[in-house]
Amino acid sequence: MRGANLEGANLKGANLEGADLTSANLGGANLSSAYLTNVNFKQANLNAANLTKATIHDSNVYQASMNDLN
């Protein structure tokens, strides 16, 4: 899913363990209650994403844009 356009996607409760989301656009995406362990968010757009109750461990957020997170 490297470079994927997931802007505004409803990924509530998704299991994205180990996903490579390098340079992906997740702006405004609903990632609430998602399982985000070992995810590569390098240079990803997470602006205005909903991460309420998401499980995030050992993930790479280097140079990710994370303004206005919920």
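Would you tally the residues in region 23-42 being surrounded by fewer than 19 Cβ atoms within 10 Å (Cβ to Cβ), in a loop (DSSP other than H, G, I, E, B) and not small (Gly, Ala, Ser)? Total satisfying the criteria: 2. Restricting the first member to region 48-70 and to residues that are crowded, with 16+ Cβ neighbours inside 10 Å, and the second to residues that are assigned to a loop (DSSP other than H, G, I, E, B) and of a type in the set (D, E, K, R), the beta-carbon pairs closer than 9 Å and six or more apart or on different chains are Ala48/Asp68; Ala49/Asp68; Asn50/Lys12; Asn60/Lys42; Ala64/Lys42.
The C-beta contact set for region 34-45 (first residue within 12 Å of Ser59 (Cα to Cα), second residue in a loop (DSSP other than H, G, I, E, B) and among the aromatic types (Phe, Trp, Tyr), distance under 6 angstrom, 6+ apart or interchain) comprises Lys42/Tyr62.
We did not get these values from a lab; they are worked out from the coordinates using the rules stated. Just so you know, these numbers come straight off a predicted model, no measurement behind them. Neighbour counts are summed over all protein chains in view; Cβ atoms, including those assigned to glycine, are modelled from backbone coordinates with ideal geometry.
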